[in-house]
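Derivation of every value follows stated rules applied to the coordinates shown; laboratory data play no part. The model shown is predicted, which means the values in this text are computed figures rather than measured ones. Here the Cβ positions follow ideal geometry from the backbone for every residue, glycine too, while neighbour counts run over all protein chains shown.
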């Protein structure tokens, strides 16, 4: 278990609750990019798979937690995008 990997995942993970809250309250997509969010999710899934198959340790929990938060943010992005389309009549 690498302490540097833990610090990296904790630091990345601290941003997601704020992003999720902002997406939930604002109902706007703003400057978010679905492609970027999906790329991040793929990265977290890759980290989980690496831990599961090659170097299993407790850090897998942080990958899963961050991946879950990114998945929630993707869901909110899609919800907000659909809300915008509905509201604007497009």
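Scanning for something closer than 26 Å to residue 3 by Cβ and touching a residue at least 40 places away in the same chain (Cβ under 8 Å), does the stretch 70-79 turn up at least one residue? Please lay out each step first, then the result.
Start the filter on the stretch 70-79 by keeping residues that are closer than 26 Å to residue 3 by Cβ, which leaves 70.
Filter again for touching a residue at least 40 places away in the same chain (Cβ under 8 Å), leaving 70.
Checking the stretch 70-79: at least one residue is closer than 26 Å to residue 3 by Cβ and touching a residue at least 40 places away in the same chain (Cβ under 8 Å).
Which of the residues that make up the stretch 39-63 are loosely packed, with under 15 Cβ neighbours inside 10 Å, assigned to a helix (DSSP H, G or I) and touching a helix residue (DSSP H, G or I) at 6+ places or on another chain (Cβ under 8 Å)?
52, the sole residue that qualifies.
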